[in-house]
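Beneath this line is the structure, given in structure tokens, with notes to follow.
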Amino acid sequence: MDETTDPRMKFARRLRALQEATGLSIRRLEVESERTPRRRREERLRLKRSTIAGMTSQVRPVRPELANFEVFVDTCLRIAGEKGISLPPELGDRRAWDEAYRELRDQVDRFPHRAAARSLPERSPAVRASLADPGDVPEVKPSLPRRRVLLATSATLAVAAAGVIIPVWLRGSGSRTAGAGPGRSAPHASGGASYSPVGRLLSPPIAQDDPVWSVAAGAVRGELLALVGRADGTVQVWNPVTGRPVSRPLGGHDKPVFSIALSAPMAVSGSVDGTLRVWDLTAGPPTSTRLGHGEPSGGINGVALATVRGRTAAVSASDDRTVRVWDPAAPKLGGRVLGGRLDSEVKSIATGTVKGTAIAVSGSADGTVRLWDLEGGRAPRILGAHETTVGTVAIGAVRDRTLAVSGSEDGVVRIWDLTAAEPAGRTLGDRVRVAVKTIAIGGVNGRTVAVAGSDDGMIRLWDLATGSPYGDGLTGPDTGAEAIAIGQVPGRAVVVSGHWDGTIWTWSL
């Protein structure tokens, strides 16, 4: 798509410039949009993250609906005024914006042939349901740099221990980092074996304006699987080792799937439609059942799985300001609210154990990080706070310590020692200028590593034992990761990420 031939590209770049000038991440813009008064005494509108991404896409921008356009611009201008940000005339004049939108609408709607965009075909639910097996998922080959094409098309060779077939890109004790000569490997910043930072494209976008919002990874019957949740409400299963889909996109949710948790042989997904679904991963294809009935009243932002008194429980974080515990084995039962309603929306959740007790850590829209006792039912403990929305949290263990890592729209990643008498968050790495969107914790070469994606497109790694960077990060995707998961194959860690441009990427560490 070329700006000189498609007015949508030019308009999207202008919208993106306004968003960046006001310092709003996608998630923050989503939250603030609901607080912006409408122009015609209409009910307030909350922009969806997928809508914002489509309006500002630098690859496949869409012509915004009038209401979405007005709320986008008015929210940015309101925030700029509140923060005292001086905008250039072409970005700060609402009348100029309205005139530009009218011109765009005339060009695109009245003369669509003049603004024809090269985009992926939109697939209706009926067409998607007609895909009978994984092999029917069409392969769309994007234009990639030569190096990425080679990584994405590596042949599957070699046989690893336990009979697992592993492709070339996963073989060996360590991949050379970019710039390292033959037979040599550059060390990590924190020491240890090296890895290749360059990612492998697992899947291009399968439909237009269909971001991948959530990813989970785990072993099912000895096979590493990755589950992804998309903006169209579908869930799909992939094998990140072979690079092939295990299922077609599976329906069940009506709106974007913001979170997935996996604990073989099942998974649980949470959606903006306010529902949770439990998936049987041993069925072919996987089947799902809804948890509960009418609750919660707000969209599900996060879900995690835990073992509570010997039973698997799902823990959800919702826009209705609750954390709830669900029993996947009793899907007709509703979720039990922990600690009552909070002061703001709960945007993220992670589970773990501290000294044998099942716990959860949540992040809220007001920046608060809380510690929950999943067994005793006591009121949550406030660990601390970021300056703004905590959209991602993860939990891992280093020796005898249980650590939580939180990421916020304030661009800060913090680490919390949950085994300490008074857990205090300390900053991990340098503050970035944009929102930290997703964090995963897993084992890499005998170390406990946190992997974080942010709106600047960077994927950063830290060794949690030392707090030092682990290598120089991961490269490949053109857009920031919305979700990251870490899985294991014999002798290797596999990172899988989902992006708002609809792509899925993977790395071998």
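The values are calculated or read from the model by the stated rules, or taken from the named source; none is laboratory data. In this text the structure is predicted, and so the values were computed from the model without any measurement. Cβ: placed from backbone, ideal geometry, glycine included. Neighbour counts: every protein chain shown.
Taking the stated definitions as given, is R431 over 18 Å from T351 (Cα atoms), of a type in the set (D, E, K, R) and under 23 Å from the mean Cα position of the chain (by Cα)? Give the derivation first.
Numbers: over 18 Å from T351 (Cα atoms): yes; of a type in the set (D, E, K, R): yes; under 23 Å from the mean Cα position of the chain (by Cα): yes.
Judged against the criteria, R431 is a match.
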Pick out the one residue from D478, D456, D472, D501 that is surrounded by 20 or more Cβ atoms within 10 Å (Cβ to Cβ) and outside any strand (DSSP E or B). D501
Which of the residues belonging to the stretch 340-358 are more than 13 Å from S316 (Cα to Cα) and part of a strand (DSSP E or B)? G352, T353, V354, T357, A358
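If you take the residues in the stretch 235-288 that are part of a loop (DSSP other than H, G, I, E, B), touching a Gly at 6+ places or on another chain (Cβ under 6 Å) and in contact (Cβ under 8 Å) with a residue 40 or more places away in the chain, which one is surrounded by the fewest Cβ atoms within 10 Å (Cβ to Cβ)?
Of the residues in the stretch 235-288, the ones part of a loop (DSSP other than H, G, I, E, B) are 240-243, 246-249, 251-256, 264-265, 272-275, 281-286.
Pick out the ones that are also touching a Gly at 6+ places or on another chain (Cβ under 6 Å) and you get 253-255, 264, 272, 274.
Restricting the remaining residues to those that are in contact (Cβ under 8 Å) with a residue 40 or more places away in the chain gives 255, 264, 272, 274.
On the way: K255: 17, A264: 14, V272: 22, G274: 20.
Result: A264.
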Would you check which residues across the stretch 378-401 are surrounded by fewer than 22 Cβ atoms within 10 Å (Cβ to Cβ), outside any strand (DSSP E or B) and not charged (D, E, K, R) and list them? A379, P380, T388
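Given the criterion in contact with a strand residue (DSSP E or B) (Cβ under 8 Å, 6 or more places away or on another chain), at pLDDT 95 or above and farther than 23 Å from R277 by Cα, identify the matching residue among R381, R370. Show your work before the answer.
On the way: R381 fails: at pLDDT 95 or above.
Going through R381, R370 in turn, the sole match is R370.
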Out of the stretch 402-427, which residues are part of a loop (DSSP other than H, G, I, E, B) and either buried (at least 23 other Cβ atoms within 10 Å of the Cβ) or in the same structural domain as G23 (by TED's automatic domain parsing) (or both)? E409
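One residue is enough: does the stretch 327-339 have a residue meeting the conditions within 18 Å of P380 (Cβ to Cβ) and not in a loop (DSSP other than H, G, I, E, B)? Working first, answer last.
Step one: filter the stretch 327-339 for residues within 18 Å of P380 (Cβ to Cβ), giving 335-339.
With not in a loop (DSSP other than H, G, I, E, B) added as a condition, the list becomes 336-337.
Within the stretch 327-339, one or more residues are within 18 Å of P380 (Cβ to Cβ) and not in a loop (DSSP other than H, G, I, E, B).
Looking for whichever is basic (K, R) and within 18 Å of the chain's Cα centre (by Cα) here; the options are R221, R290, R230. Which one fits? Working first, answer last.
Details: R221 fails: within 18 Å of the chain's Cα centre (by Cα); R290 fails: within 18 Å of the chain's Cα centre (by Cα).
Among R221, R290, R230, only R230 is basic (K, R) and within 18 Å of the chain's Cα centre (by Cα).
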Complete set of residues in the stretch 428-453 that are surrounded by 14 or more Cβ atoms within 10 Å (Cβ to Cβ) and at positive phi: G429, N445
